[in-house]
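This report refers to the structure that appears directly beneath it.
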Amino acid sequence: FVVCDEKGVPSKAYGIGRNITAQKKAADKYRRELQLLQEAGQPNLLAKGHHDLSENRILEYVPASPNALAVSRTFTYDEALDALTALPLLPADQEKLRTMLDRKSLIRHYYAGERTFTLEYQRSQDRQAPIWVSTTVNTFAPDKNHIECFIYTYDLTNKVLERKIISRFTALGYDYFGLIDVPRRAFTFYSQGGMDAADSENHPDYDQAI
């Protein structure tokens, strides 16, 4: 606003501003989440979904594997969570998953500034070996009346097995060891401590990597 002197001549001007960097970053991240929801071919993805927590609705659900949770957009968010925690899980993991994904809790955490959560857990399968799963939830407020979230669930079985193998060989004192996927013609070598030493993406020639 402008301040005038006794003759009515403008002598000073004042202005105010507000830093909207955080809001801009949140809006950009929300758009990226919407784009990611439409992308296909994400490695090891079991399912992904977009939910309106304020209205207890599933906005979109994309199963990407036979091991994905069997729900649809006709479910409420709470009903989908009930179906998820009804899967054969360890009791401790079941409680952690329900606590992490509880709709009202996610809304409270959003307003407290906590907006991303991840949990790794083991899930049994009918007539199949158990799988290790990672579920991540990110919350947003695209407008002041709605808190929404995006949930992604991935199959981590191979990564968990690799971590166990790395830990075992490191404990035995080996300097280097490797994992070779013959059908895919892929390999990864590890140095002591579990750090990647070489892999088939950066070293396509097996003999050169050796």
Got at least one residue in the range 114-125 being open to solvent by 30 Å² or more (accessible area, probe 1.4 Å) and over 20 Å from Leu156 (Cα atoms)? yes
Please state which of the following conditions Ile131 fails to meet, knowing it meets all the rest: (1) part of a strand (DSSP E or B); (2) free of Cβ contacts under 8 Å to residues at least 60 places away in the same chain. (2)
Would you please name the residue that is modelled with the highest pLDDT, looking only at residues in the range 4-31 that are open to solvent by less than 100 Å² (accessible area, probe 1.4 Å) and in contact with a strand residue (DSSP E or B) (Cβ under 7 Å, 6 or more places away or on another chain)? Tyr30
Do you know which of the residues in the range 133-158 that are charged (D, E, K, R) and loosely packed, with under 14 Cβ neighbours inside 10 Å is modelled with the highest pLDDT? Asp143
Failed item, numbered, when Pro130 is tested on (1) open to solvent by less than 70 Å² (accessible area, probe 1.4 Å); (2) within 18 Å of Gly49 (Cβ to Cβ); (3) over 20 Å from the mean Cα position of the chain (by Cα): (2)
Boolean, Leu37 is of a type in the set (A, V, I, L, M), in contact with an Asp or Glu (Cβ under 7 Å, 6 or more places away or on another chain) and at pLDDT 70 or above: yes
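The values are calculated or read from the model by the stated rules, or taken from the named source; none is laboratory data. What you see is a predicted model, and the numbers here were worked out from it, not measured in a lab. FYI the Cβ positions are ideal-geometry reconstructions off the backbone, even for glycines, and counts take in every protein chain you see. Only protein heavy atoms, including side chains, enter the accessible area calculation; ligands, DNA and RNA are left aside. Shrake-Rupley method; radii C 1.70, N 1.55, O 1.52, S 1.80 Å.
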